[in-house]
1. Using Cβ contacts closer than 10 Å as the measure, can you line up 344, 281 from fewest to most?
2. Arrange 345, 3 by Cβ neighbour counts within 10 Å, fewest through most, would you?
3. Out of 362, 82, 303, whose Cα points farthest toward the positive end of the dipole of the chain (charges: +1 Lys, Arg; -1 Asp, Glu; placed on Cβ)?
4. Return the whole-Å distance between the Cα centroid of the range 155-212 and the Cα centroid of the range 26-97.
5. Residues of the range 290-305 with the amide nitrogen closer than 16 Å to a label point 7 Å from the Cα of residue 338, along Cα-to-Cβ, please.
6. Measure up 266/347; 200/363; 83/363 against 30 Å on the Cα-Cα distance and list the ones that go over.
7. With an 8 Å Cα cut-off and a minimum separation of 6 or more residues, compute the relative contact order for the chain in percent.
8. Relative to the compact globular guide of 2.2 N^0.38 Å, what is the alpha carbon radius of gyration of the chain, as a ratio?
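What follows draws every value from the coordinates through simple rules; no lab data is involved. Because the structure is a prediction, the values reported are computed rather than measured. Here the Cβ positions follow ideal geometry from the backbone for every residue, glycine too, while neighbour counts run over all protein chains shown.
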Amino acid sequence: MGTRSSPSANSKGIEVSDPRVETLRWRDGRLEMIDQRVLPAHFEYLAYEDAVGVAEGIRSMVVRGAPAIGCAAAYGVALEAQKQAQATLPAFTAALEEAFAVLAASRPTAVNLFWGLKRMRTHWERHSHLPVPEIAEALLLEAHEVLAEDIRINRAMGAHGATLLADGARVLTHCNAGALATAGHGTALGVFRSAVEAGKRISVIADETRPFLQGARLTAWEMVQEGIPVTLITDNMAGHLMSRGEVDAVVVGTDRVAANGDVANKIGTYMVAVLARRHGIPFYVACPLSTIDIEIPDGNAIPIEERAPEEVTGFRDCQWAAQGVSVRNPAFDVTPAELVTGLITEKGVLLEPNRERLRDFLKA
Ligand code: MRU
């Protein structure tokens, strides 16, 4: 769907050395997103002109990571509004409603997608008395603000989270909760970046994160770009390293936190949390407030995306499993709140989250 645009750096991603990678950017009236499916072998932007294209970009994981998906959805609405800026009010309204529906159907688990859409709808309602071109302009400005705000939030989370890590800490992370999963800086990786900025020597252990390899392809790439020491392991090595005393803390991101503090994140996170508890290692979740869904009572009610079997039976052109084998491919799992040492938010750190503490924390 997206058209290839000329990359700002070069098309062989390994050599790109600008750490301020813009995961999403607005250029010449179009949304450009780094194609995360081909990193790190290739660094290139795809350009989008309407909501259907952006929804496909989300579904096919050109862009992924909860906050980045929220930003993309906001731009999806803004793009559609721009496209219909000269339409009659009924035609504009119908097109926008269709845009909201197609974007909402793109991926189910990350609540930031729905948060982003709700924010755009509220903004639309607030400006609905204006002529159509002015509504379209207001929606574009709001998408820009969603993007800018995400970076501010990640920096605030990073500052809070950095205080939890000791100088010299060896920190394990799962999946990619970095600049690529957000508008910039990252959530979990933002904590590492902020700790390094504060002068702490941090080293990162990146789980490769089967089956989509966000850890091996994206987290490792981000850390290498910035010169933050990183060691890549396969997912089944985490317990061994913990048992040898080689992990001081775990920090991961999240796609949705339920009202009782249960945390949905990339498949395999639950396994890491259980291992961390077994070995007395703190398990932190970097969690913007937009990822907390107080309408979901507990983790059992969080919709878990099931993705295509081909992601498990092979990778790209290489298929290694027998044809016809039956496959499960849940993309996320739920870590019960009791295994979470703390939620790192832009408002501060909530230790040992549970229903009551989370409610009071959000109210305060
Ligand atoms: O399937 P993905 O790559 O979108 O999953 C991403 C994750 O699970 C991240 O850990 C989560 O979105 C937090 S990103 C700051």
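1. Ascending number of Cβ neighbours within 10 Å: 281, 344.
2. Fewest to most other Cβ atoms nearby, the residues stand as 3, 345.
3. Towards the positive end, the residue furthest out is 362.
4. About 27 Å separates the Cα centre of the range 155-212 from the one of the range 26-97.
5. Zone members listed by number: 298-300.
6. Working: 266/347 24 Å; 200/363 33 Å; 83/363 39 Å.
Cα-Cα > 30 Å for 200/363; 83/363; rest within.
7. Normalised by residue count, the contact order of the chain is 15 percent.
8. On the way: Rg = 20.0 Å, N = 364, 2.2 N^0.38 = 20.7 Å.
Ratio of Rg to 2.2 N^0.38 Å for the chain: 0.97.
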